[in-house]
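The values are calculated or read from the model by the stated rules, or taken from the named source; none is laboratory data. As the structure is a prediction and not an experimental result, all values here were calculated from the model. We place every Cβ from the backbone using ideal geometry, glycine too, and count neighbours over all the protein chains shown.
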Amino acid sequence: MTNAEHTTWEDSPLAVIHHPVVTPSSLFEGPVRFLLVSGDLDQHSWGLIGAHWLSIDGDRGGFVVAPEAIWRGSEMVRSYRSAATRGWNAEAIYGYWQRQVGASGSVMIDPQQHADTLFHVSRRVGAL
């Protein structure tokens, strides 16, 4: 196993949650656009997995994970990071998910909303 700084997906199925998804300074990012994502939670019930977010200028984005959906949420984070590794920018990744609004596979994606800051989105998904 590698050190915590270099943990990979092969080390643990939850390895992506070992890296900070939201840093304290990024909580003041704003205004942002976001898409709420619902699906199967860790206790096999249906609920909020988290939210894809994008800065208004389109330069920064990510996925905020709801605490009740660590497994599925970490999969969404891994998907985001995989796309970024393949050269997709934050706006392209967000645009992909925005085109999936409605039922998309095993998740439901709500239409785009706006928030004054990423802090508001994080509170909305229960990450804070």
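Figure legend. Inter-residue proximity from region 99-124: first residues under 21 Å from residue 29 (Cβ atoms), second residues among the small types (Gly, Ala, Ser) and assigned to a helix (DSSP H, G or I), beta-carbon distance below 7 Å, spacing 6+ or different chains. Indicated pairs: 118/26. Apart from one condition, residue 50 fits all of (1) on the phi < 0 side of the Ramachandran plot; (2) modelled with pLDDT of 95 or more; (3) in contact with a Gly (Cβ under 8 Å, 6 or more places away or on another chain); the exception is (1).
Scanning region 91-98 turns up one or more residues that are more than 15 Å from residue 29 (Cα to Cα) and touching a helix residue (DSSP H, G or I) at 6+ places or on another chain (Cβ under 6 Å). Scanning region 80-91 for residues that are over 16 Å from residue 34 (Cβ atoms) and either small (Gly, Ala, Ser) or in a helix (DSSP H, G or I) (or both) turns up 81, 82, 83, 84, 85, 87. Answer yes if at least one residue in region 117-128 is of a type in the set (Gly, Ala, Ser) and over 14 Å from residue 35 (Cα atoms), and no otherwise. So far as region 117-128 goes, yes, one or more of its residues are of a type in the set (Gly, Ala, Ser) and over 14 Å from residue 35 (Cα atoms). Suppose we keep only residues that are among the hydroxyl-bearing types (Ser, Thr, Tyr) and surrounded by fewer than 21 Cβ atoms within 10 Å (Cβ to Cβ) within region 59-106. Which one would you say is farthest from residue 40 (Cα to Cα)? In this case the residue turns out to be 85.
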